[in-house]
Amino acid sequence: MKLTVLGGSGAWPTADAACSGYLVEHDGHRLLIDPGYAVMPRLLRHLRPGDVDAVVVTHGHPDHCADLNPLLRARALGEAPAPPLPLYAPAGALDAVLALDRPGMLHGSYDLRAFDPATEPDLASGPFRIATRALPHHVPNAGLRLTAAGRSLAYTGDTGPSPALAELADDADVFLAEATYPEDVPAEDAPYLSSARQAGEHAARAGARRLLLTHLWPGEDADAAVAAARRAYGGAVEVARPGAVVEPGT
């Protein structure tokens with residue numbers, strides 16, 4: 001299993017970083033997770049649009065799904081249209097982004113497979129088995145746990161504190177965790193977002209082997225986020241920087 005970080009900026013992209021976007025590959029299968037703002041140009045450094053085998057979206061905020069639109073346009077309107085792209089997302093999460101174009105323009109370019117992470121916990125895409133958990137956010141959000149060939153990657157999407165996080169990341173080779181703020185989340189967002197310190201606490205509780213912090217607020221100090229996580233977690237901690245390649249279990 002190989003994870004390539006395409007972006008990890010929270011809320012909006014910066015000059016140097018796209019928003020959330022992660023390419024996970026195993027045995028020739030290419031799974032794109034959360035194609036947020038500015039992810040498409042980064043994806044094209046690695047793959048042609050038609051080479052993506054499936055997309056999984058954790059929730060409907062545009063910093064996690066906006067660049068699904070140019071991906072589908074490229075697949076539908078190119079000289080050699082690609083087959084329908086399987087799209088996995090919580091029910092209703094992609095309604096806005098799929099409605100950006102005139103009716104019928106992207107017809108046949110995707111196969112929407114909506115799910116409810118609270119009641120349909122298990123998905124599959126190629127060699128990947130994907131366990132989902134409903135996690136608290138401003139909109140319905142699905143935490144993901146991908147496994148293939150005995151390797152595991154857990155990803156939070158955006159989430160507030162939840163006992164389900166320890167279950168999601170239990171003994172995971174890599175825990176990719178939202179860490180919008182280093183230490184404390186503002187009170188109005190505390191039920192719906194996480195800090196690096198909390199990510200470290202969840203990783204320690206889960207026994208995850210490696211922690212990747214992502215979705216940092218633009219301008220936040222990455223070193224401060226790592227330091228905050230390390231106060232709670234004794235394993236390897238990094239920020240998920242664009243272009244980073246991680247192979248869970250190695």
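Please treat every number below as a calculation from the coordinates, not as lab data. These numbers come from a predicted model, not from an experiment. Positions of Cβ are generated from backbone atoms using ideal geometry, with glycine treated the same way; all protein chains shown enter the neighbour counts.
Numbers below:
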| quantity | calculated |
| --- | --- |
| Fewest-first ranking of 107, 138, 59, using other Cβ atoms within 10 Å as the exposure measure | 107, 138, 59 |
| Residue 167-residue 16 FRET efficiency (beta carbon distance; Förster radius 45 Å; 0.05 resolution) | 0.85 |
| Gain upon complete extension [residue 116, residue 217; 0.36 nm per residue less C-alpha separation] | 33.6 nm |
| Residues 109, 20 arranged by fewest to most Cβ contacts within 10 Å | 109, 20 |
| Furthest towards positive pole of dipole, 44, 214, 193, structure part region 2-246, Cβ charges | 44 |
| Positive-pole candidate from 136, 119, 155, dipole of region 2-246, charges at beta carbon | 155 |
| Positive-end extreme of charge dipole, region 2-246 - chosen from 26, 169, 202 (charges on Cβ) | 26 |
| Antiparallel content of DSSP bridges confined to region 3-51, in %, to 5 | 80 percent |
| Sorted by Cβ density within 10 Å, fewest first, the residues 115, 175 | 115, 175 |
| Cβ-derived FRET efficiency at R0 45 Å, residue 184 paired with residue 2, nearest 0.05 | 0.85 |
| Charge dipole magnitude, Cβ of K and R +1, D and E -1 - region 104-229, Cα centre, debye nearest 20 | 520 debye |
| Relative pair counts by distance (%), Cα atoms of region 148-250, 10 Å bins | 18, 53, 26, 3, 0 |
| Interatomic Cα distance distribution for region 2-246, bins of 5 angstrom, percent | 1, 7, 15, 20, 21, 17, 10, 5, 2, 1, 0 |
| Mean-position separation - Cα centroids, region 155-181 and region 92-111, in angstrom | 30 Å |
| Simple Cβ-charge dipole of the chain, Lys/Arg +1 and Asp/Glu -1, about Cα centre, in debye nearest 20 | 540 debye |
| Residues whose placed amide H lies under 5 Å from that of residue 141, excluding near-sequence neighbours | 135 |
| Beta bridges per DSSP with both ends in the chain, % antiparallel, nearest 5 | 50 percent |
| Between region 195-230 and region 24-60, the Cα center-to-center distance that results, in Å | 24 Å |
